[in-house]
Every structure is written in C-alpha cells, then in structure tokens.
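What follows is a single structure, written as structure tokens, with notes after it.
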Amino acid sequence: MFKYIQIDKNSRIPKYQQIVDSIIYNISIGNLQIDEKIPSINMFSEEYLISRDTIEKAYSILKERKIISSIRGKGYYIARTQLISKINILFLINKLSTYKMKIYNTFINNMGGNSHTDLHIYHCDESLFLNLMAKNNKSYDYYVIMPHFKTKDLKHISYTDEVLKTINKIPKGKLIIMDNNKLEIDGDIVEIYQDFENDIYQALKEGLSKISSYKKLIMVYPKKSIYPYPKRVLMGFKKFCTEFDMDFEILDEIYDDIILKRGDLFITIEESDLVNLINEIRDGELLIGKDIGVISYNDTQLKELLRVTVISTDFEAMGETAARMILNKEKGKIKNPFHFIDRKSI
C-alpha cells in the first residue's frame, strides 16, 4: 500500500487527515480492495517517520466511518469499497417522524451519488447527542444538525451549554443548522430554519377569512410530550388570537368524550390528537369543516389523504436548500417557506 499513500510534510493539512484522504482516494480508484490487509500502525509509522499517535488517529477515523476494520491478532483490513464518497455527511435529527424523514430523503436525493450520509436520531436527548458527536468528531465533511432538546420535565429547549460548546467546536465551514436557529452561533455558517412564532402567526393570518367564521379557537399543545415542541408555536398562536380578538383555549390533548360545540376550530400538533379529534367529531355526528373546524400542524401524506387543512413548513424545500448550499459551497441564513394549505376542513 505504501506506493499509493502520499503524505506532504509541508502541507497545512494535518498528517492524519492526509492519511485518511489518501486511503479513501485509493479505494475510490480501485488501488485498494475490500478485505485487503493494510500495514500495522508500527509499520506505517516506521515507513513515513510519523508518530504512532498520528497513525492511530487516522485509523480510528477510518474505523469510525467503517472504511477499515481490525481483527484482534491479525491486523487491519479494508472493510468496504463502495465509495465512501467525495462528500461524507453526518445527519442528526431529534426524532424519527414522517416530516423529518421527508427532509432527509429530499436531501439525499438532491445530493446525488457523490455523497455518503449517515443518519442518526438522538431523541431530543442531550447525552445521546453529545455521545454521537464525540464518537464522530472530525470524521465527516459536513454536520447537518436539527437542534431540539428536552429538559427533565419534558420542556423544549434549543440547546444546553454542553451542546452549544460541542457544536461550536465544529469548523464553521462544515456546519449546517436546520429547522431551529436559536443557537445564535457566530460565524459564516449555513442555516435553513423555521421562525416558529411568526410562521404560525402569518399562516393563520393567511387563513383569516375562514378562521374568523368560527366562534372559538382551541389549540391542542402537548405540554408533556416525549418530543416537546417549541413554545414559540404557542406564542404565535396567542399573538394571532389576541391581535384579531378571538376567543381561544389551550388544551394538553384531545380527551375522551371531549365537549364539542358547533363553531369550534381545533388546531392539533400531534397526529394522535388529530385522529382522536376526528373520531370524536364523527361520534358526535358533527361535520368537519361545517360544524367543527380542523387545522393540523406539519403536513403529512395522511393529512393530505384525509383532506385536512394544515399550516406547515415546506419540508422538501428544507432538504433541497441544504443540499444545494453544500454542493454549491454557499453560506448564509435562509428562512424556510411556511404555508397555509386549505383542504376544506375549515
């Protein structure tokens, strides 16, 4: 393998990174094959007169990315040869949901064949997020992060001190913040974000002509969700109701045998509440869009199938924008489109 590996001692690129890049490149052009044994750390160190620590760091990165593997007592081997792409991306999302996966799938499709993306879900958990970042430190070309975390009492927060400290260690040119931009990170980074308070306010305002025909607006905002929602959503709803002098109420969930009155308009966030609400409306022999209005937050195929009116960010646009900015090496902060989509349930 030594005839293929090139290390420029005058380069500003760290030697461990040169080793990583060189091995990946030689896999990509076919010089190194799957299951081929590669030199030990000692052999590598002696051949290039480079410290063992440097070789260990390079091999550690390659192992984390599953490019090489080690067999106890035998040595190191090439683990895979389907490249390992020119662009390696770590994609971190806070929960596995239909709309988060729509962002991810659109991102993958727009990145094309010259990239490899590893998806991890950290479930709004600070410890899991920090462990994932420590494990994958310096292993990727780009880090795409959707920052949503929860406190012990299941309240939404955008970050903790440790999370912010960890994210700030990522080189700014490698960082893409998506969905939530309340980290206030300095530097020339990529942000594609939702403005949760103003988005819901403007979307409801867009549907004002129909919304104003209802007597009372009821938002079902789960305060104790495993995956908590930003309070800014609630703030935007209250801002709208206050400005347009509308009677409103906040509920934690759709209760069994909930009291429904003609002229009520419900805004649900969680899909389970939407399903329960529709069942309660039908059990009460009321008509959706006539007796009771229904708006749901975040669009999905189920809501489209049920013809439910939604207020939602454009998840596909978020994925497309992130991919385009990486491929074109663009920087900047972009607010993602947010829409009121009338499907006749109000």
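The values are calculated or read from the model by the stated rules, or taken from the named source; none is laboratory data. Remember, predicted model here, so these are calculated numbers, not experimental data. Positions of Cβ are backbone-derived with ideal geometry, glycine not excepted, and every protein chain shown enters the neighbour counts. Protein only, heavy atoms only, side chains kept; ligands, DNA and RNA dropped before computing areas. Shrake-Rupley method; radii C 1.70, N 1.55, O 1.52, S 1.80 Å.
Summary table
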{"read-out": "Principal axis dimensions, largest first and in whole angstrom, of the stretch 2-78 by Cα", "value": "32, 27, 23"}
{"read-out": "Karplus-derived HN-Hα couplings along the stretch 117-128 (A = 6.51, B = -1.76, C = 1.60, θ = phi - 60°), whole Hz, x at Gly and Pro", "value": "10, 9, 9, 10, 10, 10, 6, 6, 9, 4, 4, 5"}
{"read-out": "For the stretch 197-312, size of Cβ-based charge dipole, Lys and Arg +1, Asp and Glu -1, in debye", "value": "340"}
{"read-out": "Rounded Å value of the spacing that divides the Cα centres of the stretch 280-327 and the stretch 14-33", "value": "46"}
{"read-out": "Above-threshold pairs, the threshold being 26 Å between Cα atoms, out of 100/231; 182/239; 182/216; 95/165", "value": "182/216"}
{"read-out": "For log10 I(q)/I(0) by the Debye sum over Cα atoms at q = 0.09, 0.13, 0.15 Å⁻¹, calculated from these coordinates, the label among (1) -0.49, -1.05, -1.40; (2) -0.60, -0.99, -1.21; (3) -0.65, -1.09, -1.26", "value": "(2)"}
{"read-out": "Rel. contact order, % - alpha carbon contacts under 8 angstrom, at least six apart, the stretch 2-78", "value": "31"}
{"read-out": "Mean Cβ neighbour count within 10 Å, used as a protection proxy, ranking 290-297, 217-224 highest first", "value": "290-297, 217-224"}
{"read-out": "Where a label projected 7 Å from the Cα of residue 77 along Cα→Cβ would reach, residues of the stretch 18-58 with amide N under 17 Å", "value": "32-41"}
{"read-out": "Simple spin-label estimate for residue 272 and residue 231 in nanometres, 7 Å along Cα-Cβ", "value": "2.4"}
{"read-out": "Given charges at Cβ of Lys, Arg, Asp, Glu: the chain dipole, positive-most of 327, 158, 229", "value": "327"}
{"read-out": "Net charge over other residues, Cβ less than 13 angstrom from the Cβ of residue 6 (K, R count +1; D, E count -1)", "value": "0"}
{"read-out": "Relative contact order for the stretch 302-346, counting Cα pairs under 8 Å that sit 6 or more residues apart, in percent", "value": "61"}
{"read-out": "Within straight-line cross-link reach of residue 3, lysines at Cα separation under 18 Å, skipping those fewer than 8 residues along the same chain", "value": "15, 37"}
{"read-out": "Tensor-based shape of the stretch 197-312 (alpha-carbon gyration tensor, a/c under 1.5 rounded, otherwise prolate or oblate)", "value": "rounded"}
{"read-out": "Whole-Å distance, taken between Cα centres, linking the stretch 39-108 and the stretch 128-155", "value": "18"}
{"read-out": "DSSP bridge orientation in the chain - percent antiparallel, rounded to nearest 5", "value": "25"}
{"read-out": "Check: the chain dipole with +1 on Lys, Arg Cβ and -1 on Asp, Glu Cβ, in debye", "value": "1160"}
{"read-out": "Cα-based helix-to-principal-axis angle, 231-243 vs the chain, degrees rounded to 10", "value": "30"}
{"read-out": "Calculated from backbone phi, Karplus (6.51, -1.76, 1.60) coupling profile of the stretch 261-273 in Hz, x at Gly/Pro", "value": "10, 4, x, 7, 10, 9, 10, 9, 10, 7, 5, 4, 5"}
{"read-out": "Solvent-accessible area per residue, Å², over the chain with all protein chains present [probe radius 1.4 Å]", "value": "49"}
{"read-out": "Estimated FRET transfer efficiency (residue 13, residue 46; beta-carbon r; R0 25 Å; 0.05)", "value": "0.70"}
{"read-out": "Top positive-direction residue, dipole computed over the chain with Cβ charges, set 254, 340, 190", "value": "190"}
{"read-out": "Carbon and sulfur %, accessible surface of the chain computed with the full protein complex present, 1.4 Å", "value": "47"}
{"read-out": "Residue 285-residue 60 FRET efficiency (beta carbon distance; Förster radius 56 Å; 0.05 resolution)", "value": "0.30"}
{"read-out": "Excluding exposed DSSP-loop GluC sites (Glu not before Pro) (at most 14 other C-beta within 10 Å), longest clean stretch of the chain", "value": "37-183"}
{"read-out": "Nearest-0.05 FRET efficiency for residue 259 and residue 344, computed from C-beta distance (R0 25 Å)", "value": "0.55"}
{"read-out": "Debye-sum result for the stretch 229-268 in log10 I(q)/I(0), which assumes one identical scatterer on each alpha carbon, at q = 0.26, 0.35 Å⁻¹", "value": "-1.06, -1.29"}
{"read-out": "Cross-link pairs beyond the 27 Å C-alpha cut-off, checked among 169/333; 169/331; 169/223", "value": "169/223"}
{"read-out": "Which of 113, 300, 128, positive extreme of dipole for the chain (C-beta unit charges)", "value": "113"}
{"read-out": "Virtual spin-label span in nm between residue 334 and residue 162, 7 Å along Cα→Cβ", "value": "3.4"}
{"read-out": "Debye, to nearest 20: dipole size of the stretch 232-278, +1 on Lys, Arg Cβ, -1 on Asp, Glu Cβ", "value": "280"}
